[in-house]
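Taking it in order: structure first as structure tokens, then the write-up.
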Amino acid sequence: MEVEGCPLPDDRLYDLENELWVRFEPDQQVATVGFLAPFASFIGKVQRVEYRTTNGRVDRGRGVAIVESIRFTGAVRMPIDGRILEVNRLLAERPKWINDDPYGRGWIFRAASAAPVRPGTDGLESAGAIADRLAERIRERHVRCWRAAPDVELIEVGAECAAILARLDEEIARRAPDDVLLLVTDDPTSPIELVRWSDRTGQSVVDHRSEGTLHQFLIRKEANPQPRLRGADGRRPSAGEP
């Protein structure tokens with residue numbers, strides 16, 4: 001399911017009050033917990049996740065971790081009564097997984113429930129039950145869900161495409177592998193030119209949206225870019241060649 005352009009999987013329950021998803025294993029006892037994609041987009045790039053020490057039973061609503069992003073610092077709260085089984089060690093090295101893959105590698109912790117949980121009880125609801133309220137929240141916050149969270153924005157309005165691509169090359173050269181750049185331009189030829197640029201450089205355009213006269217491109221710097229165009233001599237051009 002999608003709500004206002006944001007994914008909302010049907011295979012889990014949701015604690016909308018605390019912006020969490022909860023996916024139970026078949027035994028209905030062990031649950032994986034993470035942030036909803038619209039909230040992960042809203043808070044911006046996550047910079048740090050710090051887990052609190054928890055021993056034994058943890059009551060619903062108690063803080064389990066602190067998440068710090070460019071626009072948010074707050075607690076991740078326990079959505080059920082139970083105990084913590086595991087925390088996501090991947091987030092220590094790359095907390096941005098919460099933004100880039102909130103329903104997958106960006107999970108935050110796993111817990112064992114003290115009792116079986118049913119949809120509609122204990123504050124946990126199905127995707128269909130929260131869809132309308134979530135849509136209203138997304139509109140109020142002006143949230144845009146992207147396939148990956150931008151690390152930097154490049155706003156190029158009123159510029160010609162040749163100049164835009166030159167600045168894009170410069171910005172990409174400064175970025176680390178897997179960094180994501182959001183390019184916004186009003187150049188009408190940009191959809192065609194960005195395809196050519198991607199083929200020439202081997203960098204990935206992972207998303208493209210149009211709103212009025214504006215085009216928005218989400219671009220990821222590849223660790224090992226593979227250009228897909230060849231010149232007349234049969235060789236692949238370098239990133240700086242036309």
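Some notes on this structure:
- Only residues that are charged (D, E, K, R) and part of a helix (DSSP H, G or I) were counted in segment 99-108, giving 1.
- Looking only at residues in segment 110-159 that are among the β-branched types (Val, Ile, Thr) and in contact with a Phe, Trp or Tyr (Cβ under 9 Å, 6 or more places away or on another chain), the one that is nearest to Phe217 (Cα to Cα) is Val143.
- A count restricted to segment 159-170 and to residues that are more than 17 Å from Ser210 (Cβ to Cβ) and either in contact with a helix residue (DSSP H, G or I) (Cβ under 8 Å, 6 or more places away or on another chain) or assigned to a loop (DSSP other than H, G, I, E, B) (or both) stands at 5.
- Near pairs, Cβ below 7 angstrom, 6+ apart or cross-chain, from segment 139-168 (closer than 18 Å to Pro188 by Cβ) to any residue that is β-branched (Val, Ile, Thr) and in a loop (DSSP other than H, G, I, E, B): Cys161/Thr189
- Reported count of residues in segment 76-85, each being over 30 Å from Ala176 (Cα atoms) and either assigned to a helix (DSSP H, G or I) or under 22 Å from the mean Cα position of the chain (by Cα) (or both), is 3.
- Residues being out of contact with any helix residue (DSSP H, G or I) (no Cβ under 6 Å at 6 or more places or on another chain), of a type in the set (A, V, I, L, M, F, W, C) and within 23 Å of Ala65 (Cβ to Cβ) - total across segment 116-146: 3
- Against the test of being in a helix (DSSP H, G or I), in the same structural domain as Tyr14 (by TED's automatic domain parsing) and surrounded by fewer than 16 Cβ atoms within 10 Å (Cβ to Cβ), the options Ala129, Ala173 yield a single qualifying residue, Ala129.
- Extreme residue, modelled with the lowest pLDDT, among residues of segment 25-62 that are surrounded by fewer than 19 Cβ atoms within 10 Å (Cβ to Cβ) and among the hydroxyl-bearing types (Ser, Thr, Tyr): Thr54
- Counted residues, segment 176-195 - those being in contact with a His (Cβ under 9 Å, 6 or more places away or on another chain) and outside any loop (DSSP other than H, G, I, E, B): 6
- Look at (1) buried (at least 19 other Cβ atoms within 10 Å of the Cβ); (2) over 20 Å from Cys145 (Cα atoms); (3) in contact with an Asp or Glu (Cβ under 8 Å, 6 or more places away or on another chain) and you find that Leu182 fails only one, number (2).
- The residues of segment 128-142 that are small (Gly, Ala, Ser) and more than 15 Å from Ala37 (Cα to Cα), listed by number, are Gly128, Ala129.
- Residue that is under 29 Å from Asp207 (Cβ atoms) and among the acidic types (Asp, Glu), where the choices are Asp81, Asp122, Asp100, Asp59: Asp100
- Residues in segment 151-172 that are within 22 Å of Pro227 (Cβ to Cβ) and within 23 Å of the chain's Cα centre (by Cα): Leu154, Leu168, Glu171, Ile172.
- Selected residue (only one of Ala111, Ala92 is touching a residue at least 40 places away in the same chain (Cβ under 8 Å) and in a strand (DSSP E or B)): Ala111
The values are calculated or read from the model by the stated rules, or taken from the named source; none is laboratory data. Everything numeric in this text was worked out from a predicted model, so none of it was measured. Quick reminder, even Gly has a Cβ in these numbers, built from the backbone with ideal geometry, and neighbours come from all protein chains shown.
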